[in-house]
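The values are calculated or read from the model by the stated rules, or taken from the named source; none is laboratory data. The model shown is predicted, which means the values in this text are computed figures rather than measured ones. Cβ placement follows ideal geometry from the backbone for every residue including glycine, while neighbour counts extend to all protein chains displayed. To get the accessible areas, we keep the full protein, side chains included, count just its heavy atoms, and leave off ligands, DNA and RNA. Shrake-Rupley method; radii C 1.70, N 1.55, O 1.52, S 1.80 Å.
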Amino acid sequence: MIDTLKKQWFVVLIALIFIGFTVFIIYDTNKGKLPGKSEYGKDVIATINGKSISADDLYDSMYKSNGGNTLLYLRFQAAVIDESVKSTDEIEKTADQLKEYLNSNAQNQASSSGQSAEEYLKTELAKYGFQEDELDYFCNVQAKMSKMQKDYIDKHMEELFTPLYEKNKGRTVSHILVKMKDANNPTEEEMKTVKAIEKDLKTMSFAEVAKKYKDKGDTSSAEKGGFLGYMDSTTGFVDSFKKQALKMKKGEVSNWVKESNDNYNGWHMIKVEETDKDAILKDKKAKDSIYSAIENANSDLASKYISEAMKKLDVTYGNDDIKKDIQASLESK
């Protein structure tokens, strides 16, 4: 779960919901500090040539100039998530893991920014109108959001997964990767590893060999016997890997597939583990990759589970315009 959150966190929440909160936070955190003067029941923040500027004027101006309905919806979405999902030990653990990751990322970024990690994180949060002590809240909301999304997918799995699987040749796959300096010109040492793997596959299982040579390639998948999970023609595998894997049948093992990209150079050996839909869905090891594939294929997924959650909450709106903006945002997602 934490790997998915790492991928989504700053993109989904800090880069979006932070922006969504900014207009409201600036107003809310400063309205108590405004001068005592008021006109027609409104706090006045400044007077220029006898013309007063009220806090409401400032709020309206900021709201309109910053895509008000989108900002309002993002704030609303976070509130729905927070109210809809109860905190559990698992959610708190996930939130803690995410917080640890974000702090670690701040440490890495700080080394090149000339700031301390604390200063870096504080600066990043301040850009969107938030204090560093609000990080716990955001991590908790994201953990809840992940839980809400997975619960929704589980409830609607058949209708969401079947068309994806059938249209895009769904399957689960494993691989053995030998990383190289240059996939087109392997060194003598790299070729020794290739030959050793080919020899071991004659007497050992694919998963056993993947684990044995984990230090030569993909450490994370090797710990799981090389298992990569669910894939289809739309999922994010490199083209050379995808092209080969989609041609294969269940149980088949490929020859070596060369790959050279910005992230790595190397040779893959691919095994198709399963192609039957029901068997794929029963494989607990494939669950997170199925969630990810469904999420990527359904851009309106969040609006669906937010709408469903709203029906269980006592939602009231300040006025008809706010209600209209939120509903319009839900329909456009």
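Rolling a 1.4 angstrom probe over the protein chains, ignoring ligands and nucleic acids, what is the accessible area of Val141 in square angstrom, nearest 10?
0 Å²
For each pair in Lys147/Lys304; Lys86/Lys122; Lys93/Lys144, compute the distance between the two Cα atoms and list the pairs where it is over 18 Å. Could you put the intermediate results ahead of the total?
Values: Lys147/Lys304 14 Å; Lys86/Lys122 28 Å; Lys93/Lys144 11 Å.
Flagged as over cut-off: Lys86/Lys122.
Using a Cα-Cα cut-off of under 13 Å, which aspartates and glutamates could be cross-linked to Lys150, ignoring same-chain neighbours fewer than 8 residues away?
Counting by Cα, and skipping residues close in sequence, Lys150 has these aspartates and glutamates nearby: Asp288, Glu295.
What FRET efficiency comes out for the pair Lys192/Leu313, r = Cβ-Cβ distance, R0 = 51 Å, nearest 0.05?
0.25
Order the following by accessible area, largest value first: Val253, Val173. Probe radius 1.4 Å; ligands, DNA and RNA are ignored.
Val253, Val173
Find how much the distance from Asp154 to Lys202 grows on full extension, using 0.36 nm per residue of separation minus their present alpha carbon separation; answer in nm with one decimal.
13.3 nm
At most 12 other Cβ atoms within 10 Å and a DSSP loop assignment: could you name the trypsin sites (Lys or Arg not before Pro) in the range 183-280 that fit?
For trypsin sites (Lys or Arg not before Pro) across the range 183-280 that sit outside H, G, I, E and B with at most 12 neighbouring Cβ atoms in 10 Å, the list reads Lys202, Lys247, Lys249.
Residue by residue through the range 85-98, which ³J(HN,Hα) values in whole Hz follow from phi under the Karplus form 6.51 cos²θ - 1.76 cosθ + 1.60 (θ = phi - 60°), with glycine and proline marked x?
In residue order, the calculated couplings are 10, 6, 5, 10, 4, 5, 5, 5, 5, 5, 4, 5, 5, 5 Hz.
Mind checking which aspartates and glutamates have their Cα closer than 20 Å to the Cα of Lys179? Skip sequence neighbours fewer than 8 apart in that chain.
Glu188, Glu189, Glu190, Glu198, Asp200, Glu208, Asp215, Asp218, Glu223, Asp239, Glu259, Asp262
Say the cut-off is 32 Å between C-alpha atoms; which of Lys284/Lys323; Lys224/Lys311; Lys169/Lys311; Lys155/Lys250; Lys99/Lys324 go over it?
Over 32 Å apart, Cα to Cα: Lys284/Lys323; Lys224/Lys311; Lys169/Lys311; Lys99/Lys324.
Which whole-Hz couplings ³J(HN,Hα) result when phi for each residue of the range 141-150 is put into the Karplus expression 6.51 cos²θ - 1.76 cosθ + 1.60, θ = phi - 60°, listed in order with x for Gly and Pro?
Calculated HN-Hα couplings, in order: 5, 5, 4, 5, 5, 4, 5, 4, 5, 5 Hz.
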